[in-house]
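Report on one structure; see the data block that follows.
The values are calculated or read from the model by the stated rules, or taken from the named source; none is laboratory data. What you are looking at is a predicted structure, and each value in this text was computed from that prediction instead of being measured. FYI the Cβ positions are ideal-geometry reconstructions off the backbone, even for glycines, and counts take in every protein chain you see. What goes into the accessible areas is simple: the full protein's heavy atoms, side chains included, and nothing from ligands, DNA or RNA. Shrake-Rupley method; radii C 1.70, N 1.55, O 1.52, S 1.80 Å.
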Amino acid sequence: MVSKSYSNLLELVSGESPSFGSMNRQIPRIMTVAGLISDVDDEPVDGASSDPSSSSVHRDRIIIVANQLPIRAQRKPDGNRNWVFSWDENSLLLQLKDGLGDDDIDVIYVGCLKEEVHPNEQDEVSQILLETFRCVPTFLPSDLYSRYYHGFCKQQLWPLFHYMLPLSPDLGGRFNRSLWQAYVSVNKIFADRIMEVINPEDDYVWVHDYHLMVLPTFLRKRFNRVKLGFFLHSPFPSSEIYKTLPIREELLRALLNADLIGFHTFDYARHFLSCCSRMLGLSYESKRGYIGLEYYGRTVSIKILPVGIHMGQLRSVLSMPKTEEKVAELIRQFNDQGKTLLLGVDDMDIFKGISLKLLALEQLLIQNPEYQGRVVLVQIANPARGKGKDVKEVQAETKATVKRINETFGKPGYDPVILIEEPLKFYEKVAYYVVAECCLVTAVRDGMNLIPYEYVISRQANDRLDKVMGLASSPKKSMLVVSEFIGCSPSLSGAIRVNPWNIDAVADALDCALIMADSEKQLRHEKHYRYVSTHDVGYWARSFLQDLERTCSDHVRRRWWGIGFGLSFRVVALDPNFRKLLMEHIVSAYKRTTTRAILMDYDGTLMPQASIDKSPSSKSIEILNSLCRDKNNMVFIVSARSRKTLAEWFSPCENLGIAAEHGYFLRLSRDEEWETCGPATDCSWKQIAEPVMKLYTETTDGSTIEDKETSLVWSYEDADPDFGSCQAKELLDHLESVLANEPVTVKSGQNIVEVKPQGVSKGLVAKRLLSTMKDKGMSPDFVLCIGDDRSDEDMFEVISSSMAGPSMAPRAEVFACTVGKKPSKAKYYLDDTAEIVRLIHGLASVSEQTLLF
C-alpha cells in the first residue's frame, strides 16, 4: 500500500519527521503517487479502479480552495525579505475557519495572491505562506490570469449567472473558446497545487465559487475517492438562461464530480436540478430531508443554506474606540441636524441597482415634499471587482443621477444624496450601519449580499454605543428594504421586499419604512437579530462540513471506476462485488453446462430505448433462433409490452418463450397457448383510470396512453421533462386515490406511470420458468438473466435467492446482469445494448458449433 502521500510537504516545512523518503531531498512542485494519481493530461483507461484502503489521521484536515487566498500582500522596498503578508480579516475564507472554532481541525488554503509575484521569488513566498499561514499560493502568468478571471469569469460566466444574455457584443461577453481554454488551464493548475498537499484518503476538499467549477473533475480524475464539496456563492440561473452556454454540459458534469454541492437558496438549487434534468436526463429525490442526485452509482447531495456573517469580528469592531468616535461624528452630522439617514452599501457594478435606488429616492422626494431637507441617502460605492465598459457606464450614470438629484432638491447645508466612492475602513462602514435608520439594498441580481445582516447586528450595537447615541436601555430597532432578487431576501421575513425595477414601489417602501411605528420596527429587528446571530458563518461552515462528512461516509466501502475522457470524465461507485460480465467467463460456463435458462428483457436490453422502430431486426431474430434450436436451452423474452405485439414481432421464433405485460401472460413456445401467471383479473377499473389519464394527457403536451389487456400506461417520454415529471407525481397520487379499493397497483417508472394487476411482476416469470424446468427434471445448471430497469430487479432477486434452493442444480452458474453501471441487485453489468447483443451472439455461436458436431 502507498503511504501517506502528500502530507510530506507540510511535515517538512513544520519540522516534523517525514513519513517516507529522505528529509534532504528537494520538494518537487508536483508530487505523484504511482497507482493513485496520474498527470492531468493523461486520459483514464475505462474500467480502471481504485481499491479501498484503510488509513488513520490524527487531525481532521480541510483544504479550502478559492480564487483568492485570505492574505494581504505588500511589497517591502528594503530589507532581506521583499514581501510582508497578513491575514485579510474581511475574507469569508478566514471567517469560515474562525467560525469553525475547533483546534482539532487543520485548515489549509489554496488560491491566488492579489499581487503578482516574480517567478524568482515564488519558491520563497510559497515557503513563507505555507509555514506561517498554512496557505498554498497558486501562481499564474498575468496574461493567463487576465484571460481566466477578467475574461471568462467576469465577462462570460458572471453576467450569464446574473441573467444577462450576450444578445449583442455590448451586453456581456460572447462565448470565446480561447478564454474557456484559459479557464480550464487555470483549474488544472489549481488541481496541481492541491495534489501537492492533499492526503487523498483522509482530507476533505471544499471548493468555492464559479471561478473553479471544473476543478472537481480534475481532482476526481486524479483520486476517485476524494472527499469533495463545492459551494456556489453566485446565483445559478434558470435553465432557459443557462442552456445558452455552449459548454453547459461540461460545467454540469464537472460539478457533479463533487460529493456535495451547496447553494444559498432553494431557487438556485432548483435551477441547477432543472438543468441536470433537462440537459443530462438526471432526476433527483429527497430522502429524510436530504436532496440527492443519482449519478453513475454515486449520490451527489444538494445543500441549501445561506452563508452568515462573522459575529465575533463584527462585535469586536463595534467595541473599537474608533467606531465610537465615528458614530459620534455621524450623529453630529445627521441626527443633531434633524436629518434621517438612509444607507446603501454596494459594489459599483451593473447588477447592484444603485441607479434604481437613486431614482426611487428621487420619486420619494417628489411625492413627499416634507422629506426634502430631512432625508439623506448615503451611498457607499465599493470599487467594482471587474473591469470593462459596463463599470465605467455605471459610474458615469450614478454620478450624473446624484448630481441631478442634489441640484433639484439640495439647498445650503443639505444634499439629499451623499456618494462615497473612496474606500472606507470596515469600522467606518459599521458606524454608518449603527446610525442609519433604514438600509436599502436594490440589487437586480445578487448571490447572497451580507450587507443587511451586518446592518442588523450593528443596529443591536452595545452599551457604550447606546450611550453615544443617547438610547440608554431603549429597545433596538432597524428597518430593511431589500430586493427580492438577492440571496438573503428569503431569510429576512421582516424586511420590506421590493422589485427594484418598480421605482414607485421602492419609493413607497421607503416611505413605509420612515413612517412605521417604532414598536413594529422593534419586532422586525428582534426577529432578524435572532436569525442572523444564530445562523452565522460558523453555523454555515459546520453544517456544510457535517453534510460533506455524511455524504462521503461510504467512500471506503465502494468500488470506484473512472470512465470518460477530458471534462466528460466521471466515476462510477459500486458495490465491490458488482463487476463487468466478461465474454470469456460466461462462454466458458455456457460450454460446461447442459441445462440452461435464459431470460431477457426487450426494451432497453435487446433494443435501445432511443430507437424509433422498436421491432427486432432480422439479425436479432436469427440470434434468438440459434439459441432456441439448442435443446439444452430454454429462452424467454420477458417484456412489459402486450402479447399481441410480442407474438407478431417474434413469430419467426418457434421455440422462444414469451412473457407479456410484466409476466401476466406467458407461453413456453409459439405453438402453445397463452397462460396467465396471476389470478383472472377484472379490468373494470380501467373505466375509472382511463378518464383520469386522458385528463393528464390533454394537459401534458407530448404524453400518450397505451391501453394493454391488463394494464394502462401513461407515458411522458416526449413531454417537457420538468412538467412531465411534475404531472406524473400528480397522476400517481390521483390514481392511487381513485383506485384505492381496486385490485391493482400504481407504479412510476422511467417516464411512465403504470396501472397493473396486483402481484404481477417479472419475478413471477422467473419463478414459473424455474418451477417448470424442475418439474420436467431439468433443474438448470446455467441461468442468465438480463434487464435494464426497475421491473427487471424482481427477476434478479428471484434468480439470486433461488441459487441455494431445489429449483436449480447444485453449484449452478448464475449470471444476473443489468445494462449500465448503476446500483442493482444484479452481480454483473454490461455497458449498453450493443454489448448485450454481442454477448447473446457469442452464446448463439457456441450453440451453432455444438449442433454442427
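Counting pairs of alpha carbon atoms under 8 Å apart in space and at least six apart in sequence, what relative contact order in percent does the stretch 728-801 give?
Numbers: 61 pairs, mean separation 18.9, N = 74.
Here the relative contact order equals 25 percent.
Put Ser283, Ser277 in order of accessible area, largest first, 1.4 Å probe: what do you get? Working shown, then result.
Details: Ser283 90, Ser277 25 Å².
From most exposed to least exposed: Ser283, Ser277.
Out of the trypsin sites (Lys or Arg not before Pro) in the stretch 566-631, which ones are loop residues according to DSSP with at most 14 other C-beta atoms within 10 Å?
Lys614, Lys631
Rounded, prolate or oblate for the stretch 348-441? Axes are the square roots of the Cα gyration tensor eigenvalues, ordered a ≥ b ≥ c, and the cut-off for rounded is a/c under 1.5.
On the way: a/c = 1.98, a/b = 1.29, b/c = 1.53.
The shape class here is oblate.
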May I ask you to derive the relative contact order of the chain, considering only C-alpha pairs under 8 Å and at least 6 residues apart, and to give it as an integer percent?
-> 10 percent
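Counting only other residues whose beta carbon sits under 13 Å from that of Gly373, what net charge do I get with K and R as +1, D and E as -1? Show your work: numbers first, answer last.
Values: positive: Lys339, Arg374, Lys411; negative: Glu370, Asp415.
Charge balance near Gly373 sits at +1.
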Provide the per-residue ³J(HN,Hα) series for the stretch 803-818, in order, calculated from phi with Karplus coefficients 6.51, -1.76, 1.60 and θ = phi - 60°, each as a whole number of Hz, with x at glycine and proline positions.
-> 4, 9, x, x, 7, 10, 5, x, 6, 5, 8, 10, 10, 9, 10, 9
Relative contact order, percent, of the stretch 525-623 when contacts are C-alpha pairs under 8 Å separated by at least 6 residues?
-> 12 percent
In sequence order, what are the phi-derived ³J(HN,Hα) couplings for the stretch 183-194 according to the Karplus relation 6.51 cos²θ - 1.76 cosθ + 1.60 with θ = phi - 60°, rounded to whole Hz, with x for glycine and proline?
-> 4, 5, 4, 5, 4, 5, 4, 4, 4, 4, 5, 5
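Using 0.36 nm per residue of separation minus the Cα-Cα distance, give me the extension gain between Ser474 and Leu851 in nm, one decimal.
Values: separation 377, 0.36 × 377 = 135.72 nm, distance 9.94 nm.
The Ser474-Leu851 span can extend by a further 125.8 nm.
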Calc'd 3J(HN,Hα), the stretch 113-126, phi into Karplus 6.51 cos²θ - 1.76 cosθ + 1.60 (θ = phi - 60°), Hz, glycine/Pro = x, comes to 8, 6, 9, 7, 10, 5, x, 5, 9, 5, 5, 5, 5, 4
Cα-based reach from Lys411 at 22 Å (exclusive), listing lysines while leaving out same-chain residues under 8 positions away = Lys339, Lys357, Lys399, Lys403
Per the C-alpha gyration tensor (a ≥ b ≥ c, the square roots of its eigenvalues), the stretch 690-828 is rounded if a/c is under 1.5, else prolate if a/b beats b/c, else oblate; here it's prolate
DSSP-defined antiparallel bridges as percent of all bridges, the chain, nearest 5 = 35 percent
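Say the cut-off is 27 Å between C-alpha atoms; which of Lys303/Lys521; Lys76/Lys188; Lys644/Lys747 go over it?
Details: Lys303/Lys521 32 Å; Lys76/Lys188 31 Å; Lys644/Lys747 23 Å.
Over 27 Å apart, Cα to Cα: Lys303/Lys521; Lys76/Lys188.
If R0 is 41 Å, what FRET efficiency do you get for Ser800 and Ser543 from their C-beta distance, rounded to 0.05?
On the way: r = 40 Å, r/R0 = 0.97.
Plugging the Cβ-Cβ distance into 1/(1 + (r/R0)^6) gives 0.55.
Cα-based Rg of the stretch 195-343 per 2.2 N^0.38 Å, rounded to two decimals? Walk me through the numbers on the way to the answer.
Details: Rg = 21.7 Å, N = 149, 2.2 N^0.38 = 14.7 Å.
Rounded to two decimals, the normalised Rg is 1.47.
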If ligands, DNA and RNA are left out, what is the accessible area of Ser617 with a 1.4 Å probe, given in Å² to the nearest 10?
-> 60 Å²
Inter-label distance, nm, simple model (7 Å from Cα along the C-beta direction), Ser684/Ile612 | 4.4 nm
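Determine the shape class of the stretch 321-396: with a ≥ b ≥ c the square roots of the Cα gyration tensor eigenvalues, call it rounded for a/c under 1.5, and otherwise prolate if a/b is greater than b/c, oblate otherwise.
Oblate shape, in that a/c is at least 1.5 and b/c is the bigger or equal ratio.
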Quick one: net charge around Leu179, please, counting Lys, Arg +1 and Asp, Glu -1 for every other residue with C-beta under 13 Å from its C-beta.
-> +3
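Two decimals is fine: what's Rg over Rh for the chain, C-alpha atoms, Kirkwood radius as Rh?
Rounded to two decimals, Rg/Rh equals 1.06.
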Rounded to a whole %, the carbon-and-sulfur portion of the accessible area of the stretch 378-532 at a 1.4 Å probe is 50 percent
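Need one number: % antiparallel among DSSP beta bridges in the stretch 245-306, to the nearest 5.
On the way: 9 of 13 bridges.
Percentage antiparallel, nearest 5: 70.
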Please give, to one decimal in nm, the separation of the simple spin-label points placed at Ser178 and Phe565, each 7 Å out from Cα toward the Cβ.
-> 2.6 nm
Pull up all non-local amide H partners of Asn382: gap of 5 or more, or a different chain, and H-to-H distance under 5 Å with H placed in the peptide plane.
-> Asp346, Asp347, Met348
Between Glu325 and Asp720, the FRET efficiency computed from the C-beta separation at R0 = 35 Å comes out, to the nearest 0.05, as 0.05
Please work out the Cα center distance from the stretch 781-850 to the stretch 388-420, rounded to the nearest Å.
-> 75 Å
Given charges at Cβ of Lys, Arg, Asp, Glu: the chain dipole, positive-most of Val417, Gly151, Cys439 | Gly151
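Using the Cα centre of the chain as the reference point, and only Cβ charges (+1 on K/R, -1 on D/E), how large is the resulting charge dipole? Debye, rounded to the nearest 20. Could the numbers behind the result be given before it?
Values: 99 positive and 114 negative charges, 206 e Å.
Dipole size: approximately 980 debye.
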Select from the stretch 277-337 those trypsin sites (Lys or Arg not before Pro) which occupy a DSSP coil region and have at most 16 other Cβ atoms within 10 Å, ordered by residue number.
-> Arg288
At q = 0.16, 0.18, 0.19, 0.24 Å⁻¹, work out log10 I(q)/I(0) for the stretch 545-635 with the Debye formula, treating every Cα as an identical point scatterer and leaving solvent out; two decimals please.
-> -0.97, -1.05, -1.08, -1.23
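Solvent-accessible area per residue for the stretch 151-235 at a 1.4 Å probe radius, Å²? Numbers along the way, then the final one.
Numbers: 2020 Å² over 85 residues.
Accessible surface, normalised per residue, equals 24 Å².
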Ranking Trp714, Trp158 from most to least accessible area with a 1.4 Å probe gives Trp158, Trp714
Longest segment of the chain lacking GluC sites (Glu not before Pro) that sit in a DSSP loop with at most 16 other Cβ atoms within 10 Å = 117-420
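Mind checking the per residue accessible area of the stretch 672-746 for me, 1.4 Å probe, whole number of Å²?
I get 55 Å² per residue for the stretch 672-746.
Please report the net charge: other residues with Cβ closer than 13 Å to the Cβ of Tyr149, K and R +1, D and E -1. Numbers along the way, then the final one.
Numbers: positive: Lys114, Arg147, Lys154, Arg385, Lys387; negative: Glu116, Asp143, Asp209.
Counting the neighbours of Tyr149, the net charge comes to +2.
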dims of the stretch 485-640, Cα set, principal axes, largest to smallest, nearest Å -> 92, 41, 32
Want the number for Ile366 to Asn406: 0.36 nm per residue separation, take away the alpha-carbon distance, what's left?
-> 13.1 nm
